[in-house]
Amino acid sequence: MIRLLERLGVPRVLMLGFLAVAIFMTGDGFELTFLSKFMVDQGFTSSQASLLVTVYGLFAAAGGWSAGMLAEMFGARRVMMFGACWWIGIHLLFLGVAIPSRIYPLILGLYALRGIGYPLFIYSFVVLMAQHISPSRLASATGFFWTCFSLGIGVFGAYLPSFIMPVFGEYRTFWFALPFSIVGTIMCFLFVPKNKVVKGEGLSRKEQLKELAEGATILVTNRKILICAIIRIINNLLLYGLPVIMPLYLCTTHNGGINIFKTEEWMRIWGFVFVVTLIFNTFWGWFMDRFGWVWPMRWFGCAVLAVGSVAFYYIPQWFGANALMMIVASIIVGIGTCAFSSLPTIMTLYAGEGKQGAALSAYNLAAGLTTFAGPGVATILLPVIGYGGVCWTYAALYVLAFVLTLFIRPRQPGFDEHGHRIAKAKNGTAPQDDAVPAVNTVSEESIGVGVAAAEAV
């Protein structure tokens, strides 16, 4: 197993760190599949339930934007520990004070603040990936990173609550998230290495703030990175939007819901999305490094997810309470969600040397904004156009992302300017074009400031 991971570009020094990400995200994902239904069951409206997740995503975006630059300036492990402790502390207040109070502004505020924690934890780890992993293997390693993410937030985070909730109830199930988050935090403290390069050493506070701001300003100054960021936001719309609307659509009668599945049945159906990602996160990273970065994203990402968007709505209409057909829809979404592994590498190439950290922060900002945009679309449109209209809106956005991929043509190592693989010479090595050395001969210090591969969720 260790040799297999090393062949994927994962060094031994980071392997337990990947495991820590998986365990921590198990805790973070515990309530994702049933929080909206829980809120409605407590007497809140479906709009209030979706707003809760929407505002959470907005704060997660802030955490994601700052994670990369903070990790470079102050050390990734330090920022990971801060994010984890923040998450645990706010989660205790959320469960122990906010939910029992039934005061919506308090529930909304504390849940939003908790959203800052997990991006600081997982996206800071990406900085360490950038410092230890060759740029030519980043897409493969990124795929494995998202496999660990999916294993936590989606597989264990969906299936474990589906068995715990019928026994202990929804509220008590929230508490089971804590042991996983605590164990992930301890593993981070014990096994995650320190930065090779800490960029913030010797910088004034003004210079540090300038570095942090570049993660947002680069979206204005670099059009290619802006396009990539928009694609990244669209990438995971379903991953965060469907868990908000589908429990209401499939398990209640609110706003025209059809109420044909139990909540735990829906949770297990949705868990298949992440079971699929365990395979395809790694597969697409490997595939893109060898056959091209952009066209798989266009056809197997954007196009497939446009189909998956409407499949979740129409399959119950056509086939009723057919769990097998719903699992087919989950598989479609899982395959498509993974086909964006090359985006962070593309963004760092477009940023140029010395700006990779800013590109990483822009990528993390986009990854955070998708947790805001997915439920945000539902919050705004659900009362107006219903569940079907929201699903078709998601599909239209994936069509937009499909079009946007036509405007990005990065020079991938081993490929010519037209995206065709360069034939190997007789000695078995690929001839180097003019663009490749700029990618493959990046100094260790440059890699340390953000040639990164990180998502969605």
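Test SER181 against the criterion of being touching a residue at least 40 places away in the same chain (Cβ under 8 Å), open to solvent by less than 10 Å² (accessible area, probe 1.4 Å), within 18 Å of THR33 (Cβ to Cβ) and part of a helix (DSSP H, G or I), and give yes or no. It is true that SER181 is touching a residue at least 40 places away in the same chain (Cβ under 8 Å), open to solvent by less than 10 Å² (accessible area, probe 1.4 Å), within 18 Å of THR33 (Cβ to Cβ) and part of a helix (DSSP H, G or I). Does at least one position in region 283-290 carry a residue that is open to solvent by less than 10 Å² (accessible area, probe 1.4 Å) and farther than 30 Å from PHE18 by Cα? Scanning region 283-290, I find no residue that is open to solvent by less than 10 Å² (accessible area, probe 1.4 Å) and farther than 30 Å from PHE18 by Cα, so the answer is no. The number of residues in region 83-138 being within 26 Å of LEU51 (Cβ to Cβ), open to solvent by 30 Å² or more (accessible area, probe 1.4 Å), assigned to a helix (DSSP H, G or I) and of a type in the set (D, E, K, R) comes to 0.
In the set (1) of a type outside the set (Lys, Arg); (2) closer than 18 Å to LEU360 by Cα; (3) open to solvent by 10 Å² or more (accessible area, probe 1.4 Å), the condition left unmet by VAL155 is number (2).
Yes or no: region 411-418 includes at least one residue that is part of a helix (DSSP H, G or I), modelled with pLDDT of 80 or more and surrounded by 14 or more Cβ atoms within 10 Å (Cβ to Cβ). Within region 411-418 (the criterion being part of a helix (DSSP H, G or I), modelled with pLDDT of 80 or more and surrounded by 14 or more Cβ atoms within 10 Å (Cβ to Cβ)), the answer is no, since none of the residues qualifies. All of ILE331, ILE327 fail the test of being surrounded by fewer than 18 Cβ atoms within 10 Å (Cβ to Cβ), touching a residue at least 24 places away in the same chain (Cβ under 8 Å) and assigned to a helix (DSSP H, G or I), apart from ILE331. Figure legend. Inter-residue proximity from region 334-363: first residues open to solvent by 10 Å² or more (accessible area, probe 1.4 Å), second residues aromatic (Phe, Trp, Tyr), beta-carbon distance below 6 Å, spacing 6+ or different chains. Indicated pairs: ILE335/PHE280. Listed conditions (1) surrounded by fewer than 22 Cβ atoms within 10 Å (Cβ to Cβ); (2) modelled with pLDDT of 90 or more; (3) closer than 26 Å to PRO243 by Cα are all met by SER47, apart from (2).
For region 237-274, the set of residues classified as open to solvent by 30 Å² or more (accessible area, probe 1.4 Å), under 22 Å from PRO166 (Cα atoms) and assigned to a helix (DSSP H, G or I) consists of HIS254, GLU264, GLU265, ARG268, PHE272, listed by residue number. If you go through region 65-84 and pick out every residue that is more than 21 Å from THR370 (Cα to Cα) and not aliphatic (A, V, I, L, M), you end up with 6.
The values are calculated or read from the model by the stated rules, or taken from the named source; none is laboratory data. Only a predicted model underlies this, so the values are computations on that prediction, with no experimental measurement involved. As a convention, Cβ positions derive from the backbone with ideal geometry for all residues, glycine included, and neighbour counts pool all protein chains shown. Note: areas computed on protein heavy atoms with side chains; ligands, DNA, RNA excluded. Shrake-Rupley method; radii C 1.70, N 1.55, O 1.52, S 1.80 Å.
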